[in-house]
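What follows is a set of notes on a single structure, which appears directly below.
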Amino acid sequence: MNGNLKCLRKKGLRHLKAETRGKFNKGTSIHKRDKSIYKRQEFGHWEADTVVSGISKSKACFLTLAERKTRFYIAVWMPDRKSGTLEEAIYKTLSVLSKGAVKTITCGRGS
């Protein structure tokens with residue numbers, strides 16, 4: 001052996017990192033809502049979720065609000081991911097809409 005050894009790539013299954021962010025188990029699942037909401041027949045049913053960048057260690061994120069029937073989306077920047085900030089952003093954003101425009105709000109329960 002003269003030092004010209006090649007390392008062969010190991011073939012096979014690649015193991016992904018285990019999820020370490022925990023799970024949210026409180027409240028009602030988004031799938032247990034009224035069946036009429038899934039049919040998108042009535043205006044005023046909203047879904048809320050947060051979008052977090054995976055690039056930096058920033059605490060900021062976006063709140064996204066989607067209306068089910070019209071698929072109208074609203075994105076709001078939030079300085080941190082605290083529940084109080086989220087509640088305030090939802091209230092400020094949806095309080096501008098007319099009185100019958102908000103019937104239900106369902107939040108995503110992702111990690």
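Assign unit charges at the C-beta atoms only (+1 for Lys and Arg, -1 for Asp and Glu), then state the dipole size of the range 41-107 relative to its Cα centre in Debye, rounded to the nearest 20.
In total the dipole reaches around 60 debye.
Pop the C-beta distance of GLU87 and SER56 into the FRET formula with R0 = 25 Å and round what comes out to the nearest 0.05. Can you show the working numbers first?
Details: r = 25 Å, r/R0 = 1.00.
The value I calculate is 0.50.
Considering only DSSP states other than H, G, I, E and B, which chymotrypsin sites (Phe, Trp or Tyr not before Pro) in the range 45-111 qualify as loop sites with at most 13 other Cβ atoms within 10 Å?
On the way: sites: TRP46, PHE62, PHE72, TYR73, TRP77, TYR91; in loops: PHE72.
Answer by residue number: PHE72.
Here is the link list: LYS69/LYS103; LYS32/LYS59; LYS57/LYS92; LYS39/LYS99; LYS17/LYS59; LYS17/LYS82. Which ones come out longer than 20 Å on Cα distance?
Beyond 20 Å between Cα atoms: LYS32/LYS59; LYS57/LYS92; LYS39/LYS99; LYS17/LYS59; LYS17/LYS82.
By how many nm would the segment from LYS99 to ARG40 grow when fully extended, if each residue of separation counts as 0.36 nm and the alpha-carbon distance is taken off? Spell out each step's value before the answer.
Values: separation 59, 0.36 × 59 = 21.24 nm, distance 1.93 nm.
Going from the current span to full extension adds 19.3 nm.
Assuming 0.36 nm per residue, please report the length gained on full extension of the stretch ILE74 to LYS11 beyond their Cα-Cα distance.
18.2 nm
Could you work out the local net charge near GLY44, counting Lys and Arg as +1, Asp and Glu as -1, over the other residues with Cβ closer than 9 Å to its Cβ? Walk me through the intermediate numbers first.
Details: positive: ARG68, LYS69, LYS103; negative: GLU42, GLU67.
Summing Lys/Arg as +1 and Asp/Glu as -1 gives +1.
Check each of the trypsin sites (Lys or Arg not before Pro) in the range 44-99 and keep only those in coil by DSSP with at most 16 other C-beta atoms within 10 angstrom; list them in order. Can you show the working numbers first?
Values: sites: LYS57, LYS59, ARG68, LYS69, ARG71, ARG81, LYS82, LYS92, LYS99; in loops: LYS57, LYS59, ARG68, LYS69, ARG71, ARG81, LYS82.
Sites meeting the loop and neighbour criteria: LYS57, LYS59, LYS69, ARG71, ARG81, LYS82.
Any read-out appearing in this document is the output of simple, stated calculations on the displayed coordinates, not a laboratory observation. As the structure is a computational prediction, the values presented were derived from the model and not from experiment. No Cβ is skipped: glycine too gets one built from the backbone with ideal geometry, and neighbour counts run over all protein chains shown.
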